[in-house]
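The values are calculated or read from the model by the stated rules, or taken from the named source; none is laboratory data. Nothing here was measured: the structure is a model prediction, and the numbers come from that model. So basically every Cβ, Gly included, is an ideal-geometry build from the backbone, and we count neighbours across all protein chains shown.
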């Protein structure tokens, strides 16, 4: 049996995967199957009402397999944070030295947006789960704060002093958050992609700060 899997766990922890519900426990792509099963159950029953045992059963796997991939059921939604941070920091580090701090930050968050672009329906589903749960909302804010800290540190390595480094990092994360919210709130697949919305939000920020 062939299995096609495109995993967003490396970026935003939401997986798009086609699989046969009757797959045996030995089949590959266990992480992707668990992610999809969890997201389906969170949407159907709510995050708090879903157990690890139910996720494993829906995926056709065992609880032991679940815990080999995730520390707890929250990590199904947030397990890709490290990969996202690495992408952003690497893109920022590779920007030309002459690039202004806010432009370098814009480049790295557009890169993150480009990698998320193909997953709008899943991102929308994931966000709905988070929006319905205060604990998950807090975790999402912590994730964004962690990304801002990493961006600020990368800017300092480029020679940008504080408070400019911290301000540019916080502004970049605010731009990313607002653009992401606009992206997932579009009906259907929407007519504007995430990198485009990120650039629009960045342009709006520049207009505000320059009095435009």
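For the range 14-31, the criterion of a residue being crowded, with 21+ Cβ neighbours inside 10 Å and either at pLDDT 95 or above or part of a strand (DSSP E or B) (or both) is satisfied by at least one position. The set of residues in the range 85-100 that are free of Cβ contacts under 8 Å to residues at least 24 places away in the same chain and under 15 Å from the mean Cα position of the chain (by Cα) contains only 86.
The conditions are (1) in a helix (DSSP H, G or I); (2) buried (at least 16 other Cβ atoms within 10 Å of the Cβ); (3) outside the structural domain of residue 144 (by TED's automatic domain parsing), and residue 85 fails exactly one of them. Which is it? All conditions are met except number (3). Within the range 45-66, being under 23 Å from residue 138 (Cβ atoms) and surrounded by fewer than 18 Cβ atoms within 10 Å (Cβ to Cβ) holds for 45, 46, 48, 49, 51, 52.
Restricting 148, 174, 111 to residues that are under 15 Å from the mean Cα position of the chain (by Cα), closer than 16 Å to residue 202 by Cβ and modelled with pLDDT under 95 narrows the list to 111.
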